[in-house]
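Quick notes on the structure that follows.
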Amino acid sequence: MDLILLRVLFVALLAGVCYFLHPFGMTGWVAASAGAGAAGAVIIFELRVRALTLRRLIGAVAGSVLGIFGAALFCLVLRSAPLGGATSAVLQIFVLLLMTYVGLLVGANKGDLLNPAALGMVFSGERTSRRSAKVLDTSVIIDGRIADIAEAGFIDGMMVVPEFVLRELQIVADSTDSSKRQRGRRGLDMLQRMQSNTNLQVQIVSDDFPSIREVDLKLLELAKKWEAKVVTNDFNLNKVAHLHHVEVLNINDLANALKPVVLPGERMTVLILKEGKEYNQGVGYLDDGTMVVVDHARKMIGRAVEISVTSVLQTASGKMIFGKLDENGKGGEAVRPLPLEITH
């Protein structure tokens with residue numbers, strides 16, 4: 001709010017100065033309007049400069065200085081050329097503006113190539129904070145486990161949420177489909193929960209890439225710009241990020257890594273819930289969601305059986321355990337629902 005008041009004061013002050021001093025022979029409100037327009041242009045330039053990184057800003061300044069120096073050399077040549085006074089003046093101004101403009105653009109675009117080590121500790125704070133940042137995608141926010149992991153202290157640095165991800169969350173939350181609407185609202189609740197935790201750094205950034213339509217590709221571009229890692233549980237985004245040489249923290253990979261290690265020959269008890277894909281197979285699940293496929297257990301559906309692990313298969317979607325019934329081939333008691341109490 002203070003910054004807005006300062007900008008309004010700047011516009012009013014410059015307009016008042018032009019109104020009373022009449023620059024370029026302008027009078028009255030024409031001069032005031034010109035002053036207000038110039039102040040508006042300065043504010044727009046200031047907003048654009050604020051969005052630049054420090055390296056790009058120094059690159060732009062260096063490019064402008066080199067452009068002005070090159071223009072000065074050209075102007076020395078033009079002064080000795082057999083040209084009229086007005087023509088020579090116009091050409092000199094044109095060359096000065098052209099070289100300054102080109103130097104500004106080239107310096108800003110090449111500013112990221114500056115070596116921070118050679119420039120001392122000027123960039124140390126910004127580089128460290130950005131490199132430790134984690135860019136969150138829509139799926140991992142809706143999933144919700146990122147909040148628990150961050151609160152447990154396993155993710156350090158700033159968690160960055162782009163505004164285009166917020167827009168996608170809002171679209172999902174406003175969906176006519178009840179399941180999508182519930183997922184979108186859950187994601188917004190998770191963000192609010194993380195923001196309310198004073199131990200976590202959550203920053204909403206306005207960086208956008210209008211030329212790119214897909215949200216996933218925008219995330220990757222933002223991660224490249226910030227030199228940050230992408231946090232996701234999207235299998236396809238994980239693969240595309242590796243192709244773009246962007247580091248990824250996959251929540252599903254973390255969950256799989258934390259699952260207990262099961263070795264062939266171990267015994268365990270599992271509840272057979274459904275029929276397997278192959279003949280005479282039964283399928284059950286451990287408490288952490290790991291699928292257990294048991295041979296010759298089709299007739300044991302609804303029973304808790306003791307099995308012996310034969311092999312463990314690690315797939316891209318998770319871990320699968322294969323086993324067989326114990327040597328006696330006996331299952332446990334069937335799991336039946338409790339009888340309902342009828343009151344009169």
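Measuring how big the stretch 139-279 is from its alpha-carbon positions, Rg and Dmax come out at 18.1, 56 Å.
Which order do peptides 224-234, 175-185 fall in by mean Cβ count within 10 Å, highest first?
Working: 224-234: 20.2, 175-185: 13.4.
Packing order, densest peptide first, comes out as 224-234, 175-185.
Helix hunt in the chain: which complete DSSP H runs extend at least 18 Å axially by C-alpha with mean Kyte-Doolittle at least -0.5? Each step should come with its number before you reach the end.
Details: long enough: 2-21 (28 Å, 2.28); 28-50 (34 Å, 1.09); 54-79 (37 Å, 1.68); 85-109 (36 Å, 1.70); 178-196 (27 Å, -1.69).
Sorted by number, the helices that extend far enough and score high enough are 2-21, 28-50, 54-79, 85-109.
Only Cα pairs under 8 Å and at least 6 apart count here; give the relative contact order of the chain as a rounded whole percent. This gives 9 percent for the chain. Go ahead and estimate [θ] at 222 nm for the chain from helices alone: -39,500 (n - 2.57) per DSSP H run with n ≥ 4, summed, over the residue count, rounded to 500. Calculated from helices alone, the mean residue ellipticity at 222 nm is -16500 deg cm²/dmol.
Any chance you could check the Cα centroid distance between the stretch 152-191 and the stretch 223-297 for me, in angstrom? The distance from the Cα centre of the stretch 152-191 to that of the stretch 223-297 comes to 23 Å.
Put simply, the chain fits an ellipsoid with semi-axes of 66, 25, 16 Å; these come from the alpha carbon gyration tensor as the roots of five times its eigenvalues, largest first.
Read-outs throughout are calculated quantities, based only on the coordinates presented, and are distinct from any laboratory measurement. What you see is a predicted model; the values in this text were computed from it and never measured. Note that each Cβ is placed from the backbone with ideal geometry, even for glycine, and that neighbours are counted across all protein chains shown.
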